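Input: a single structure, listed below in structure tokens.
The values are calculated or read from the model by the stated rules, or taken from the named source; none is laboratory data. Being a predicted model, the structure only gives us computed values, none of them experimental. Here the Cβ positions follow ideal geometry from the backbone for every residue, glycine too, while neighbour counts run over all protein chains shown. Please note that ligands, DNA and RNA were not included when accessible areas were found on the heavy atoms of the full protein model with its side chains. Shrake-Rupley method; radii C 1.70, N 1.55, O 1.52, S 1.80 Å.
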Amino acid sequence: MEIKVLESIFAANENLADKNAEVFKEKGIFAINLMSSPGAGKTSFILETARRLSGHHKAAVIEGDIASKVDAEKVREHGIETVQINTGGACHLEANMIQKSLEYLDLTGVDLLIIENVGNLVCPADFVLGESARVVILSVPEGDDKPLKYPTIFSSCEVLIINKIDMLALSDFSMERLEDTVRKLNPNVNVIPLSCRTGEGFDAWMGWLEDKLSGALGL
Amino acid sequence: MHELGLTQSILDIAVEHAVKNGAAKISQVNVKAGEMTAIVEDSMQFFFEYLAGDTIAAGAQLVIEHVPIVIRCLQCGKESEVEQLDIYTCPHCGEHAVELVSGREFFVDSIEVE
């Protein structure tokens, strides 16, 4: 006898992600799933974003790493509510880890949650966390051909940050070639070139974010 | 990439539906997998045999039907099958703005029970 099932194999994760999304909505929190390869500048990007928001918006951070508290300590030093997840070898975050870590975060007054995924351009793309938006960072030294090599992650993000543009003069990275490639994969993506070190280009990112935060708060 | 965990999910789903329908034994599990999920079928077959060992799915066949990647051109509206995860260009008009019709699905379609 045949029994029709029609159940997604990712269903367990997707259901938990939906629950996380409900929590974020209820609390008026805009949640970002921040993904990149290791060393692209996720933590510097978070710190600069939180610094620029301070005074009018409150951010909290979930740090996902295979091991160590290095990033969480760095972020917490700046007075930002942070929890560290150690995946113990797993190469990406899953929705249940986010659900658990929310228990350890004081979300009072928080309107932006940045989830720093494990540095990896492959696996995080397949696991939704309940995020409001996906932001990917690609840094100049990695090269402009990365969207060709890791198409899934570049085709599923709303914003693509090109970090370390202060290093453009030292490399063969072509912003034109990058934009051309990524738009073929993801025609509506917002490409925002910036430097966390010099602050150049950061205003464009803050503009996008402030718009979204107003939306999440229903302003 | 995550074949062990995914195979466990497949098995859990199959057993749950079999039990719900009062079946005592599962003889076949039919999965549909889009080509973009990039699963390694050999590993999945190996894990399935191992994991199913002490369940009502012991000895069952895992049949994975691969679903091709199909894109629809936003310019000319035509659908075409493409071979691999790559930058999609409509083969009819050369337009780059395309949407995905199939290729990303990954689900347990049905089970055969006794």
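Points to keep in mind about this one:
- Cα extents of region B:3-113 along the three principal axes, largest first (Å): 53, 27, 17
- Theoretical gain in end-to-end length, A:ASP172 to A:ALA133 [0.36 nm per residue, Cα-Cα removed]: 11.0 nm
- The lysines whose alpha-carbon is closer than 21 Å to the alpha-carbon of A:LYS42, local same-chain residues fewer than 8 away aside, are A:LYS58, A:LYS69, A:LYS74, A:LYS146, A:LYS149, A:LYS164, A:LYS212.
- Counting only alpha carbon atoms, the long axis of helix B:3-20 and the longest principal axis of chain B meet at about 60°.
- The apolar share of the surface of region A:2-216, taken as the fraction of accessible area on carbon and sulfur atoms (1.4 Å probe, ligands and nucleic acids excluded), comes to 49 percent.
- In units of the rule-of-thumb radius 2.2 N^0.38 Å, region A:5-107 shows an alpha carbon radius of gyration of 1.15.
- Spin-label proximity, A:ASP145 to region A:183-200 - amide N less than 20 Å from point 7 Å beyond Cα toward beta carbon: A:183-186
- Grouping the Cα pair distances of region A:82-156 into 5 Å bins from zero gives a pair-distance distribution of 3, 13, 24, 23, 17, 12, 6, 3, 0 percent in increasing distance order.
- Size of the B/A contact, given as accessible area buried on both chains, probe 1.4 Å, in Å²: 2300 Å²
- Cα centroid of region B:56-114 to Cα centroid of region A:117-159, whole Å: 21 Å
- Take each residue of peptide A:20-33, count the partner chain Cβ atoms within 10 Å of its Cβ, and average: the result is 0.
- Between helix B:41-52 and chain B there is an angle of about 20 degrees, using the helix long axis and the longest principal axis of the Cα atoms.
- Exercise: per-residue mean of other protein chain Cβ atoms within 10 Å, B:106-112: 5
- For the protein assembly as shown, the share of DSSP beta bridges that are antiparallel, to the nearest 5, is 35%.
- Projected-area average for region A:43-190 over all orientations - Cα convex hull basis, square nanometres: 9.4 nm²
- Packing-based ranking, highest mean first, of B:36-45, A:103-112, A:161-170 given that Cβ atoms within 10 Å are counted: A:161-170, B:36-45, A:103-112
- Charges were assigned to the Cβ only: +1 to each Lys and Arg, -1 to each Asp and Glu. The resulting dipole of region A:2-216 about its Cα centre is roughly 120 debye.
- Heavy-atom accessible area per residue - region A:2-216, 1.4 Å, Å²: 43 Å²
- Inter-chain Cβ neighbour average for residues A:6-15, partner chain, 10 Å: 6
- Per residue Cα convex hull volume in Å³ - calculated over region A:163-219: 85 Å³
- Sorting A:VAL182, B:VAL63 by solvent-accessible area of protein heavy atoms yields B:VAL63, A:VAL182, largest first, with a 1.4 Å probe.
- Kirkwood Rh in Å, taken over all unlike Cα pairs in the protein assembly as shown: 21.7 Å
- Overall, region B:3-113 carries a charge dipole of about 320 debye about its Cα centre when +1 sits on the Cβ of Lys and Arg and -1 on the Cβ of Asp and Glu, all other atoms neutral.
- Residues of region B:12-49 with amide N under 17 Å of the 7 Å Cα→Cβ point at B:ILE56: B:12-30
- Which of B:VAL40, B:SER9, B:LEU74, positive extreme of dipole for chain B (C-beta unit charges): B:LEU74
- Here the label points at A:GLU200 and B:VAL101, each 7 Å from Cα along the C-beta direction, are separated by 4.6 nm in the simple model.
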